[in-house]
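**Student:** Attaching a single structure in structure tokens format; questions to follow.
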Amino acid sequence: MRILLTLALCITLSSTFAQKFEGLAQKPPMGWNSWNKFECKINESIIREVADAMASNGMKAAGYEYVVVDDCWQIGRDSLGNIMADTERFPSGMKSLVDYVHSKGLKFGIYSDAGTATCQGRPGSRGYEFQDARIYASWGVDYLKYDWCNHGKQNAEASYTTMRDALYKAGRPIVFSICEWGTNKPWEWGKTVGHLWRTTEDIINCFDCKNNWGGLGVLQIIDLHTEIGDYSGPGYWNDPDMLEIGNGVLTQPEERLHMSMWAMFSAPLIAGNDIRNMSAETLKTLTNKEVLDIDQDKLGISATRWMKYGDLEVWFKPLSDGNYAFCFINRSNQPISINQDLKTTIKKMKVDDSYTVRDLWKHKDIGTTKDNIVGTIPGHDVLMLKLTKKLPL
Ligand code: GLA
């Protein structure tokens, strides 16, 4: 009887104390992931070179820190069930790759799946959660993206909670990225389970389109964020998927719009291009400090769509210290003229010229809220503004 009671107590205690690691992603995580550009064609040289690039090209200085290896690094399990890396592609092994990324002052992310196999048919973690988590911890992994393919009849919340508990038990603080595509509304249960959750199906390299297998363009993803912003905040983020900036299809204005809106959503910013070899313009878009500051604002509020006039939308986001970001997006490929009074929007404003208005892509103050914002937004382009309270003289 006493043994049974002790056992019951132990089970209760261990489930009571299992939790996610708190304090790990107080700001939206920033980094790079191999999938959008390389899909399965990855190897350790690419990952090392990406870490080298991130550390030296200004991305690390701008705040990018996670280097995440997506699907296809794993090949099987050994006779004890330990997950094995593909030794042809990763001959030095994962531990040495993690050490290398750490040596650059960056963090390492890995990928697995809550089902029996990953989306590319590699071993999933179903039934091996605690063993996999122990191995990741022993390698020094800092971030786990956990996918949802081949889950059969599994319950999403329960499956992700099992991996959360496994990570916690393994003892190494690991950011837990829920990649369940929004199917089971992870924003409703993800806050205590993970640090970020995918809100949609996969992004595709396209501004305005939809694939019949479920891929979504930039605009289609934005449209899914009109109602769920309130679920996101410091430590638990909506994740509208990785960036397609620098992947050769989006135009510069479209890339600016993509970057701006992810920042407005306080979204994780995970570059998905070949950062070893990108244009100066792409690098500039990815590292625009004024835009990154909007993303990383410590309040962590996700923007609200305040107005929609046909193809023109205006989104706004309250920032810490009483400032605001506004983002005008032109969904059409034709220019749209604007003549917008912002001061009536900001209810708290006492004096009508109390905010300076700055264009975050032109890096220029363009006036104050005393005057209307007047101008033209070219097709598929964006006007991203920051309103900063003027200090009293
Ligand atoms: C799913 C995910 C993608 C990527 C692939 C890898 O589609 O949503 O982000 O990880 O699997 O197979």
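**Student:** Kindly establish whether E255 is over 20 Å from F316 (Cβ atoms), touching a residue at least 12 places away in the same chain (Cβ under 8 Å), surrounded by 23 or more Cβ atoms within 10 Å (Cβ to Cβ) and more than 14 Å from the chain's Cα centre (by Cα).
**Tutor:** yes
**Student:** So V314 clears everything in (1) part of a strand (DSSP E or B); (2) among the β-branched types (V, I, T); (3) modelled with pLDDT under 95 except one condition, right? Which one?
**Tutor:** It is condition (3) that V314 fails.
**Student:** Please determine, by comparing only the residues of the range 53-82 that are aliphatic (A, V, I, L, M) and away from the ligand (no atom under 16 Å from the Cβ), which one is surrounded by the most Cβ atoms within 10 Å (Cβ to Cβ).
**Tutor:** Restricting to residues being aliphatic (A, V, I, L, M) and away from the ligand (no atom under 16 Å from the Cβ), the top hit is M54.
**Student:** Condition first: surrounded by 20 or more Cβ atoms within 10 Å (Cβ to Cβ) and away from the ligand (no atom under 16 Å from the Cβ). Now tell me which residues in the range 142-160 satisfy that.
**Tutor:** D142
**Student:** Residues in the range 193-205: is at least one in contact with a Pro (Cβ under 9 Å, 6 or more places away or on another chain) and in a helix (DSSP H, G or I)?
**Tutor:** No.
**Student:** So, in the range 27-52, how many residues would count as being over 24 Å from L216 (Cβ atoms) and buried (at least 21 other Cβ atoms within 10 Å of the Cβ)?
**Tutor:** Counting residues in the range 27-52 that are over 24 Å from L216 (Cβ atoms) and buried (at least 21 other Cβ atoms within 10 Å of the Cβ) gives 3.
**Student:** G272 passes all but one of (1) small (G, A, S); (2) at positive phi; (3) within 14 Å of the ligand (Cβ to nearest atom); which number fails?
**Tutor:** Exception for G272: condition (2).
**Student:** Select, from G214, G248, the only residue that is surrounded by fewer than 23 Cβ atoms within 10 Å (Cβ to Cβ) and within 15 Å of the ligand (Cβ to nearest atom).
**Tutor:** G214
**Student:** So in the range 7-26, with the set limited to residues that are of a type outside the set (A, V, I, L, M, F, W, C) and either within 27 Å of M59 (Cβ to Cβ) or modelled with pLDDT of 60 or more (or both), which one is surrounded by the most Cβ atoms within 10 Å (Cβ to Cβ)?
**Tutor:** Once the filter is applied, the top-ranked residue is K20.
**Student:** While we're on this one: If only one of N184, N238 is farther than 20 Å from N330 by Cβ, surrounded by fewer than 24 Cβ atoms within 10 Å (Cβ to Cβ) and outside the structural domain of N333 (by TED's automatic domain parsing), which one is it?
**Tutor:** Unique residue meeting the criteria: N184.
**Student:** Checking G124 against (1) farther than 19 Å from N43 by Cβ; (2) surrounded by fewer than 19 Cβ atoms within 10 Å (Cβ to Cβ); (3) within 16 Å of the ligand (Cβ to nearest atom); (4) not charged (D, E, K, R), which test does it fail?
**Tutor:** Just one mismatch for G124, condition (2).
**Student:** Of the residues D230, D202, which single one is surrounded by fewer than 22 Cβ atoms within 10 Å (Cβ to Cβ) and away from the ligand (no atom under 14 Å from the Cβ)?
**Tutor:** Result of the check over D230, D202: D230.
**Student:** Under 8 Å between Cβ atoms, at least 6 apart or on separate chains: pull out the pairs that start in the range 139-150 with a residue that is within 10 Å of Y66 (Cβ to Cβ) and end on any residue that is within 11 Å of the ligand (Cβ to nearest atom) and part of a strand (DSSP E or B).
**Tutor:** Pairs found: Y143/V68; Y143/S177; K145/N33; K145/V68; K145/Y111; K145/S112; K145/S177.
**Student:** So R256 passes all but one of these: (1) touching a strand residue (DSSP E or B) at 6+ places or on another chain (Cβ under 6 Å); (2) under 24 Å from G194 (Cβ atoms); (3) outside the structural domain of P335 (by TED's automatic domain parsing). Which condition number does it fail?
**Tutor:** For R256, the exception is condition (2).
**Student:** Could you grab me the full set of residues in the range 303-324 that are of a type outside the set (F, W, Y) and within 22 Å of G379 (Cβ to Cβ)?
**Tutor:** Correct list: A303, R305, M307, K308, G310, D311, L312, E313, V314.
**Student:** Let me ask something else. Would you pick out the residues in the range 317-348 that are charged (D, E, K, R) and not in a strand (DSSP E or B)?
**Tutor:** Scanning the range 317-348 gives D321, R331, D341, K343, K347, K348.
**Student:** Could we say that D241 is in contact with a helix residue (DSSP H, G or I) (Cβ under 7 Å, 6 or more places away or on another chain), at pLDDT 95 or above and acidic (D, E) here?
**Tutor:** For D241, the condition - in contact with a helix residue (DSSP H, G or I) (Cβ under 7 Å, 6 or more places away or on another chain), at pLDDT 95 or above and acidic (D, E) - is met.
**Student:** So for the range 102-115 (the condition being surrounded by fewer than 17 Cβ atoms within 10 Å (Cβ to Cβ) and over 24 Å from the mean Cα position of the chain (by Cα)), does at least one residue qualify?
**Tutor:** No, the range 102-115 contains no residue that is surrounded by fewer than 17 Cβ atoms within 10 Å (Cβ to Cβ) and over 24 Å from the mean Cα position of the chain (by Cα).
**Student:** Here is a follow-up. State which residue is farthest from A61 (Cα to Cα) when the search covers only the range 290-311 and only residues that are among the aliphatic types (A, V, I, L, M) and assigned to a helix (DSSP H, G or I).
**Tutor:** This residue is I294.
**Student:** Does T192 fit the bill of being of a type outside the set (F, W, Y) and either within 15 Å of the ligand (Cβ to nearest atom) or not assigned by TED's automatic domain parsing to the domain that holds G229 (or both)?
**Tutor:** When the stated conditions are applied, T192 does not pass them.
The values are calculated or read from the model by the stated rules, or taken from the named source; none is laboratory data. As the structure is a computational prediction, the values presented were derived from the model and not from experiment. Backbone-built Cβ (ideal geometry, glycine too); neighbour counts: all protein chains shown.
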